[in-house]
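Q: Got a structure for you, questions after.
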Amino acid sequence: MSAAGSESSVSAPVKVDGEGLPLWLLLELTYRCPLKCPWCNNPLDFDRYRNELTTEEWVDVLRQGRELGALQLGFSGGEPMQRRDLEELVGEATRLGYYTNLITSGMGLNEQRLAALQRAGLKQVQLSLQACDAELNNRLVGADAYAHKIAAARAIKARGFPMVLNVPVSRYNIEQAPALLELAEELGIEYVEFANLQYYNWALLNRSDLLPTREQLSVAEAVVAETRARLGRRMTIYFVITDYYAERPKACMKGWGNIHLTIAPDGAALPCQEARVIEGLKFPNVRDHDLGWIWHESPVFQKFRGESWMQEPCRSCPERGHDYGGCRCQAFLLNGDAASTDPVCGKSPNHHLIEEAVAAAMAGRPQNRLIMRQRGLNVA
């Protein structure tokens, strides 16, 4: 739900080393969701993955994760509120000592369930909002959602939860940056993730329609900088730029299999939530293997760890310890080779693919032909 990426140059990059531990555990409880967001990070064939883990299986994952050293836990989806056992899972995670985050669209998050989640020990809520007006927000998500999202935000803050407002930024809403930040301030939100989309899965299908212009990006970045200066510590704003306007790739997931472990609804263990886009990889399943073996020994988690897998120019690049060669999923999607240099990098022999994609998006815009996330869609 949240767009992964790297913060803009306004803030210095932070290098995080899990020292061999999966510090961040993300549970994608379901791919089910009442919204149809055309940038969704769920697989294009998400309808195939209906064999969701049971409550007991998720509890076992939680226990194994703590034994491995996981500290921070995200409940995500799809929409995690679709799982009726969410409160039970949050309660078990609290008992085990996790810092728990709910990553939600707000759909299904009513006062009764919010109270139950608070009793279960939920620590933080991340709520997505696509626009600061109902017409645009509802058009972008394919549902009548805006009023419910605003009500959810107010209820979250009324209960005293620390809250992250996640705004997935595209050309459709980037010019609403001032109004969105004013709304966040009015709601009393502590953290805003103003996250330009990263182009995988559904977002890649819609790239030409979603990609903002450089001018829009520059204006929005200036707005964020001005708001940071005005509000100081009252609000932390993360401005995540899209890779397509960067000269160097993001330190994707802080390195493959370094600090992040995602468990998909069917139990597949992934180094990141997008990893299923890489063809030819066999991801181990928690129904077949314990998390310790998956993290420390499974071939897929070893495949892009460290630096031995790197090709040139990454292999001899002095920046390889900072950006880890960039995103393996993006390298596969755009180069056809997951071990190649992320084409976002200006040193990549395929950097022209990024420049051509931007040029094509600018030349053909706007088309207003968004392909909405939906079951059974033929996207070949």
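The values are calculated or read from the model by the stated rules, or taken from the named source; none is laboratory data. Keep in mind that this is a model prediction, so the values were computed, not measured. Here the Cβ positions follow ideal geometry from the backbone for every residue, glycine too, while neighbour counts run over all protein chains shown. In case anyone asks, the SASA skips ligands and DNA or RNA and just uses the protein heavy atoms, side chains included. Shrake-Rupley method; radii C 1.70, N 1.55, O 1.52, S 1.80 Å.
Q: Failed condition for R214, given (1) modelled with pLDDT of 95 or more; (2) over 25 Å from K36 (Cα atoms); (3) surrounded by fewer than 23 Cβ atoms within 10 Å (Cβ to Cβ); (4) not β-branched (V, I, T), with all others met?
A: Tallying (1) modelled with pLDDT of 95 or more; (2) over 25 Å from K36 (Cα atoms); (3) surrounded by fewer than 23 Cβ atoms within 10 Å (Cβ to Cβ); (4) not β-branched (V, I, T), R214 fails exactly one: (1).
Q: Report, by residue number, each residue of segment 179-205 that is open to solvent by 10 Å² or more (accessible area, probe 1.4 Å), assigned to a helix (DSSP H, G or I) and within 24 Å of G364 (Cβ to Cβ).
A: Scanning segment 179-205 gives N201, L204, L205.
Q: Out of segment 310-348, which residues are free of Cβ contacts under 8 Å to residues at least 60 places away in the same chain and at positive phi?
A: Matches in segment 310-348: G336 only.
Results for (1) modelled with pLDDT of 95 or more; (2) under 14 Å from the mean Cα position of the chain (by Cα); (3) open to solvent by 30 Å² or more (accessible area, probe 1.4 Å), shown as yes or no for each residue.
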position: R248; (1), (2), (3): no, no, yes
position: G255; (1), (2), (3): no, no, no
position: A268; (1), (2), (3): yes, no, no
position: P299; (1), (2), (3): yes, no, yes
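Q: Check off (1) at pLDDT below 90; (2) not in a loop (DSSP other than H, G, I, E, B) for L333 and give me the number that stays unchecked.
A: Answer for L333: the failing condition is (1).
Q: Take D288 and decide whether it is open to solvent by 50 Å² or more (accessible area, probe 1.4 Å), assigned to a loop (DSSP other than H, G, I, E, B) and farther than 24 Å from W202 by Cβ.
A: Values: open to solvent by 50 Å² or more (accessible area, probe 1.4 Å): yes; assigned to a loop (DSSP other than H, G, I, E, B): yes; farther than 24 Å from W202 by Cβ: yes.
Against the criterion (open to solvent by 50 Å² or more (accessible area, probe 1.4 Å), assigned to a loop (DSSP other than H, G, I, E, B) and farther than 24 Å from W202 by Cβ), D288 qualifies.
Q: Considering only residues that are in contact (Cβ under 8 Å) with a residue 60 or more places away in the chain, over 25 Å from P313 (Cβ atoms) and not in a helix (DSSP H, G or I), which ones fall in segment 221-258?
A: Within segment 221-258, Y238, F239, V240 qualify.
Q: What residue, of S208, S218, is part of a helix (DSSP H, G or I), out of contact with any Pro (no Cβ under 8 Å at 6 or more places or on another chain), touching a residue at least 12 places away in the same chain (Cβ under 8 Å) and not aliphatic (A, V, I, L, M)? Before the answer, list the steps.
A: On the way: S218 fails: touching a residue at least 12 places away in the same chain (Cβ under 8 Å).
That would be S208, the only listed residue that is part of a helix (DSSP H, G or I), out of contact with any Pro (no Cβ under 8 Å at 6 or more places or on another chain), touching a residue at least 12 places away in the same chain (Cβ under 8 Å) and not aliphatic (A, V, I, L, M).
Q: While we're looking at this one, here's another question. So which residues in segment 123-162 are in a loop (DSSP other than H, G, I, E, B), open to solvent by 40 Å² or more (accessible area, probe 1.4 Å) and closer than 24 Å to I371 by Cβ, if there are any at all?
A: Result: D133, D144.
One line per residue, one yes/no per condition, for (1) part of a strand (DSSP E or B); (2) basic (K, R); (3) out of contact with any Ser or Thr (no Cβ under 9 Å at 6 or more places or on another chain):
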position	(1), (2), (3)
C37	no, no, no
N51	no, no, yes
G65	no, no, yes
G74	yes, no, no
E88	no, no, no
G91	no, no, yes
A115	no, no, yes
R119	no, yes, yes
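Q: Between a residue in segment 282-301 that is under 13 Å from T262 (Cβ atoms) and any residue that is among the charged types (D, E, K, R) and in a helix (DSSP H, G or I), which pairs come within a Cβ distance under 8 Å, given they are 6 or more apart or on different chains?
A: Within 8 Å, the pairs are F283/R276; V286/E57; V286/D60; L291/E67.
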